[in-house]
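What follows is one structure encoded as structure tokens, with my remarks underneath.
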There are 2 protein chains.
Amino acid sequence: MTERGLLIVLSGPSGVGKGTVRKAIFEGDDHQFEYSVSMTTRKKREGEVEGVDYFFRTREEFEELIKKGEMLEYAEYVGNYYGTPLRYVEDTLNSGKDVFLEIEVQGAMHIKEKCPDAVFIFLTPPSLEELRQRIEGRGTDEPKIIDERMKVAVEEIQMMKNYDYAVINDEVPLAVKRIKDIISSEHYRVERVMKRYEKMIEEM
Amino acid sequence: MTERGLLIVLSGPSGVGKGTVRKAIFEGDDHQFEYSVSMTTRKKREGEVEGVDYFFRTREEFEELIKKGEMLEYAEYVGNYYGTPLRYVEDTLNSGKDVFLEIEVQGAMHIKEKCPDAVFIFLTPPSLEELRQRIEGRGTDEPKIIDERMKVAVEEIQMMKNYDYAVINDEVPLAVKRIKDIISSEHYRVERVMKRYEKMIEEM
């Protein structure tokens, strides 16, 4: 029997650079996990490829999948659906491969309810100081608006407590290495290895 | 304030190759943790260096340290004490560096009682089949003795459930990489990172 793969969920506050880090992870050849392509009802943009950037579906098709329980998670933004098809994730996990999702915080929390065994990684800005500088650096904002934005940022950062790991996105290659180390080491968690040895002992 | 380092404990059944793996870890320059040298009352052998292989002490000195509570763990084998001095471990952890211990299973369980926050890594043989082949390969043993040894081996392997990670020692360089990945990723456990951000948020 093939051992089921790991479900890995990368998320974090908006603007932290999730997409950039995810792309850098899959540019290398040395990853041993599969990226789960999201599904959307928004129109395909110039240069986007079906099944690479997104699975592009009509609103009717998407709603049909929701109705059939075939979305692992989904949400609606600006009038379009975005979500993770369940089938690909399940088939890949069952084939023994790990699956990597890069999704918004809200979707990540939905997956936590359905798949508590998944590994949740929160991508976080290097420091609050740097975050404030970035916000202030934009220029024209009044102190009141800056304070409001900082408050939102702090709230977002506090969501990290719902995750297993928090990876600082100071430099993309460093963040990539940290995420790869986490995925590697999660395979050696004793609960996983123990199952394998228990089978060996039974079969003796 | 410096963040306290991690205490990393490598252990496993006798004969699994803990010493070999530990030496290979510290031969490379890229480890960012300190090896805690054990203390013993046995005589220094040709070529052994004080403070490198062991701290060599008299029985009286060792018992004095036990009495003062200055041993993190200790045990007596064949009339000699072996143990881990507490002071070096504490000083190094407080300076923000990680400390690496390679000790017997019994000692590891004592440390688990005292330091539940430590990271416990169990080194394990690749498979029970291979273990049996190794035991049978020794030749002259009767089936009864082989079965008895297998029983002991299985009991030892089942101790892995008291650990956080189980690393298979199939090839030393692979085992070394797995252990380094584990140590790296443990630094991103959310409980640790969260503390740092909570301080930042307080200081805002």
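No lab work stands behind these numbers, since they all come straight from the coordinates. The shown structure was predicted, so the numbers you read here are calculated from the model rather than taken from an experiment. Please note: Cβ atoms are built from the backbone with ideal geometry, for glycine as well, and neighbour counts cover all protein chains shown.
List of remarks:
- Amide H contacts of A:Glu73 (H built 1.01 Å from N, under 5 Å, at least 5 apart or other chain): A:Thr84
- Between 0 and 90 degrees, the angle of helix A:190-203 with respect to the longest Cα principal axis of chain A falls at about 10 degrees.
- Counting, for every residue in A:167-176, the Cβ atoms of other protein chains within 10 Å of its Cβ and taking the mean gives 1.
- A Förster distance of 56 Å, applied to the separation of the beta-carbon atoms of B:Gln106 and A:Arg59, puts the FRET efficiency at 0.30.
- Put simply, the amide H of A:Glu34, placed in the peptide plane, has neighbours under 5 Å in A:Asp98, A:Val99, A:Phe100, leaving out anything fewer than 5 places away on its chain.
- Nonlocal amide H pairs with B:Phe55, under 5 Å, H built at 1.01 Å: B:Ser38, B:Met39, B:Thr40
- With label points defined 7 Å past Cα in the direction of Cβ, position B:Glu90 shows copy-to-copy spacings of 5.6 nm, given to one decimal and shortest first.
- Label spacing, shortest first and in nm, from A:Val172 to its equivalents in the remaining copies (7 angstrom along Cα→Cβ): 3.9
- If you plug the beta carbon distance of B:Glu90 and A:Ser127 into 1/(1 + (r/R0)^6) with R0 = 30 Å, you get a FRET efficiency near 0.55.
- Angle between chain B longest axis and helix B:128-137 axis [Cα atoms, degrees, rounded to 10]: 50
- Long-range Cα-Cα pairs in chain B (distance over 23 Å), rounded percent: 52
- The protein assembly as shown: antiparallel DSSP beta bridges as a percent of all, rounded to 5: 35
- The charge dipole of the protein assembly as shown, taken about its Cα centre with unit charges on the Cβ of Lys, Arg, Asp and Glu (plus for the first two, minus for the last two), comes to roughly 160 debye.
- Measuring nothing but how far apart in sequence close Cα pairs (under 8 Å, 6+ apart) lie, relative to its length, chain B scores a relative contact order of 30 percent.
- 3J(HN,Hα) from dihedral phi, the range A:102-113, Karplus parametrisation 6.51/-1.76/1.60, rounded to Hz, x for glycine, proline: 10, 9, 6, 4, 4, x, 4, 5, 5, 5, 4, 5
- Estimated vicinal HN-Hα couplings, Hz - the range A:161-170 in sequence order (Karplus 6.51, -1.76, 1.60; Gly, Pro = x): 5, 7, 9, 8, 10, 10, 10, 7, 9, 7
- Look at the dipole of the protein assembly as shown built from charges on Cβ: of B:Val16, A:Gly28, B:Gln158, the Cα furthest out on the positive end belongs to B:Gln158.
- Contact order for the range B:105-204, expressed relative to its length and based on alpha carbon pairs under 8 Å spaced 6+ residues apart, stands at 33 percent.
- Label point distance in nm, A:Glu27-B:Lys161, each placed 7 Å from Cα along Cα→Cβ: 4.6
- Between copies, B:Ala24 shows label-point distances of 3.0 nm, shortest first, with the point placed 7 angstrom from Cα along Cα to C-beta.
- Whole-Hz couplings from phi, Karplus 6.51/-1.76/1.60, listed for the range A:17-25; x for Gly and Pro: x, 4, x, 4, 5, 4, 4, 5, 4
- Cα-projected label distance for A:Ile201 with B:Val172, points at 7 Å along beta-carbon direction, nm: 3.0
- The dipole here belongs to chain B: it is taken about the Cα centre, uses +1 on the Cβ of Lys and Arg and -1 on the Cβ of Asp and Glu, and is about 100 debye.
- The C-alpha atoms of chain B define a longest principal axis, and helix B:172-186 lies at about 30 degrees to it.
- The range B:1-157 - share of DSSP beta bridges that are antiparallel (%, nearest 5): 35
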